[in-house]
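Step one of this worksheet: look at the structure below.
The values are calculated or read from the model by the stated rules, or taken from the named source; none is laboratory data. Quick caveat, the model's predicted, so the values are computed rather than measured. Calculation scope for accessible area: heavy atoms of the full protein, side chains included, ligands and nucleic acids excluded. Shrake-Rupley method; radii C 1.70, N 1.55, O 1.52, S 1.80 Å.
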Amino acid sequence: MMMQELNRTISGEETMSTDQETCKHEIVYFGVTNINYEKRTIGSIDIWRCVICKKIFCEEKQLGIESIVDYVGMPKIDKDQKWAVLLCNLKKHKEKWKLVKLRKDDEIQHECLDEKVIKLKVNDFKIQDDKHWNFLIETSVNKAVEI
């Protein structure tokens, strides 16, 4: 399993960057996006926003998964990225989704249902694959999304 490599684009660049912004963020809770499967909530995305620059910060909460994240503080995102939820087309009783950072036109690596890491093309912030799909968090704040 290549979990360490999932935070890199195909070109090898880190998707996590040092925050070189001039804004001294004042972050407040902004809302939530619930992820539902067969009318039951299987997880959520907590969303915060800076009251000064309006930048969005997100954290996923998958029910039944209690792992600790590998960073301290608000997760970082580059200016040219957007938060999205990436989903595998579901097989019965397999709810696979992940919070990701997408660039408008890019390729990302994704660990699929069978734990195989695959490359997915992104065009205009949309996954271009018939077995995967995504939605942007910015269009789903304080909503429940049925997957």
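The table below lists the values:
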| read-out | value |
| --- | --- |
| Exposure rank, largest accessible area first [TYR29, TYR37; 1.4 Å] | TYR29, TYR37 |
| The stretch 75-147 - percent of accessible surface contributed by carbon and sulfur, probe 1.4 Å | 46 percent |
| Built amide H within the under 5 Å cut-off of ALA144, gap 5+ | ASN34 |
